[in-house]
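The values are calculated or read from the model by the stated rules, or taken from the named source; none is laboratory data. Small disclaimer: the values here were computed from a predicted structure and weren't measured. Cβ coordinates were reconstructed from backbone atoms using ideal geometry, including for glycine residues, and neighbour counts include every protein chain displayed. Just so you know, the surface numbers come from the protein's heavy atoms only, side chains and all, with ligands and any DNA or RNA stripped out. Shrake-Rupley method; radii C 1.70, N 1.55, O 1.52, S 1.80 Å.
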Amino acid sequence: MKNEDISYGKKPKLIDYFYDSYNLYNASKSQLMATGILDEKTVDKFLEGKKKFDLEKEYYDFCNSPFSFITIESDSYPEKLRNIYDYPYGLFYIGTLPDFSRAVSIVGARRCSAYGKKIALELGEKLGEAGFTVISGMARGIDAYSHRGCLNSGGNTVAVLGSGCDVIYPRDNRLLYEDIVSSSGAVISEYQMGSSPVALNFPRRNRIVSALSDIVIVVEARDKSGSLITADFALEHGKDIYVIPGRIGDSLSTGTNKLLSQGAGIIYDIDGFINQLQDAYGQKTSVNKRPKEKINLTSEQKKVLSMFDEYPKSLATVLEESHMDYLKLISNVLSLERIGVLTEVFKNNYVKMV
């Protein structure tokens, strides 16, 4: 099914209405219309597309690929994304997702200067050395150099794409893409597999770059550039913005100097800036777990939970043993994971937590 059938902004609302994706997928026309979220044309398009979509084959092919998918219903969904208004329903990714507890994004011009390249490499490298996850968009220029600097120091970096996470854009960043994935980093996207890098995707992508980080650093930016869109999202999300100052009259400094005039922080000494961050974050601390609440499971959830134990067990094995409809099985597994009684230890393999 095409990802244009239902807009990204409406998907979370539909999930909230139907409680989970299984109910949404199996909803009738009258049920979909009753939500008041979709018009009749969109409902008809969605239902027609569903007839042509082989869900079982798509699921099988995806499970046998190196890619993964998490939704807002999953405990592994980044907590920082839950806190924004237009959070993505799900994320496709390849690699290893960090916890984003110490995360800094670096953005800037694609056609950057030699000075911008030097600064982006140094920032990425020193943030990586200091244990921070460096987030950017894997675009040419500042983005790519930030990722590369972090990789050079053995740090952890995450690329957020404006295409499907299986579509490398720009193509000349293929080696960077592979290095990010092979170094325990991650490449993520809210867009469906195979999605092309169309212009409208990138402003939406920038909100994720901002949301996943605590601090946004702009190295070089022209007036009305995509980097300023990321800065706008950072302001909306309540994130701190820092800027590398530039020369007056230089087009690559117009955007950054404008941010300075609006109150952004200034980085005039990279080592000093890193030391300030270290002082602010201190040592890594464990996340405070919420007190356990009484868990009430349906009979179907109890049946599915009983099929797992403390050792990893694959969905394929449980599907064969339970003789359940695979969509029902997936729906119950997701709900049990959301409750916290199942956890995915590696792709499509779960262990019981109670």
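Looking only at region 216-227, count every residue that is open to solvent by less than 40 Å² (accessible area, probe 1.4 Å) and out of contact with any strand residue (DSSP E or B) (no Cβ under 8 Å at 6 or more places or on another chain) and tell me the total. Steps first, please.
Let us first name the residues in region 216-227 that are open to solvent by less than 40 Å² (accessible area, probe 1.4 Å), namely 216-221, 225-227.
Narrowing further to those that are out of contact with any strand residue (DSSP E or B) (no Cβ under 8 Å at 6 or more places or on another chain): 220, 225.
Selection size over region 216-227: 2.
For a quick check of your reading of the model, give me the residue pairs whose first member lies in region 165-189 and is among the basic types (K, R), whose second is open to solvent by 20 Å² or more (accessible area, probe 1.4 Å), with beta-carbon atoms closer than 9 Å and at least 6 apart or on different chains.
R174/I168
Here's a check for you: in region 253-270, which residue that is open to solvent by 60 Å² or more (accessible area, probe 1.4 Å) and under 29 Å from the mean Cα position of the chain (by Cα) is modelled with the highest pLDDT?
I266
Any residue in region 7-18 that's within 14 Å of G36 (Cα to Cα) and open to solvent by 40 Å² or more (accessible area, probe 1.4 Å): show its pairings with residues that are of a type in the set (A, V, I, L, M, F, W, C) and not in a helix (DSSP H, G or I) at Cβ separation under 8 Å, as long as the two are six or more apart or on different chains.
Once the first residue is within 14 Å of G36 (Cα to Cα) and open to solvent by 40 Å² or more (accessible area, probe 1.4 Å) and sits in region 7-18, its partners that are of a type in the set (A, V, I, L, M, F, W, C) and not in a helix (DSSP H, G or I) give K10/I37; K10/L38; K13/I37; Y17/I37.
Return the residues of region 114-150 that are open to solvent by 30 Å² or more (accessible area, probe 1.4 Å) and either at pLDDT 95 or above or in a helix (DSSP H, G or I) (or both); say none if nothing qualifies.
If the condition is that a residue be open to solvent by 30 Å² or more (accessible area, probe 1.4 Å) and either at pLDDT 95 or above or in a helix (DSSP H, G or I) (or both), then A114, Y115, K117, K118, L121, E122, E125, K126, E129, Y145, R148 are the ones that fit.
Filter region 306-317 down to the residues that are under 15 Å from C63 (Cα atoms) and part of a helix (DSSP H, G or I), then identify the one that is nearest to the chain's Cα centre (by Cα).
Looking at residues that are under 15 Å from C63 (Cα atoms) and part of a helix (DSSP H, G or I), I get L315.
With respect to the numbered conditions (1) outside any helix (DSSP H, G or I); (2) crowded, with 16+ Cβ neighbours inside 10 Å, which one is the sole condition not fulfilled by S184?
(2)
Out of all the residues in region 235-252, is one or more among the small types (G, A, S), surrounded by 20 or more Cβ atoms within 10 Å (Cβ to Cβ) and under 22 Å from the mean Cα position of the chain (by Cα)?
No.
Can you go through Y242, Y177, Y268 and tell me which one is aromatic (F, W, Y) and either touching a Cys at 6+ places or on another chain (Cβ under 7 Å) or in a loop (DSSP other than H, G, I, E, B) (or both)?
Of the residues listed, the single one that is aromatic (F, W, Y) and either touching a Cys at 6+ places or on another chain (Cβ under 7 Å) or in a loop (DSSP other than H, G, I, E, B) (or both) is Y268.
Hey, can you tell me all the residues within region 159-174 that are open to solvent by less than 20 Å² (accessible area, probe 1.4 Å) and assigned to a loop (DSSP other than H, G, I, E, B)?
Scanning region 159-174 gives L161, G162, S163, G164, C165, P170.
So for region 283-299 (the condition being surrounded by 15 or more Cβ atoms within 10 Å (Cβ to Cβ), at pLDDT 85 or above and in a helix (DSSP H, G or I)), does at least one residue qualify?
No - not one qualifying residue is present in region 283-299.
Being small (G, A, S) and within 16 Å of L55 (Cα to Cα) is the filter here; which residues of region 322-338 pass it?
S331
When region 85-96 is examined, which residues are found to be surrounded by fewer than 17 Cβ atoms within 10 Å (Cβ to Cβ) and under 19 Å from V158 (Cα atoms)?
Of everything in region 85-96, just one residue is surrounded by fewer than 17 Cβ atoms within 10 Å (Cβ to Cβ) and under 19 Å from V158 (Cα atoms), namely T96.
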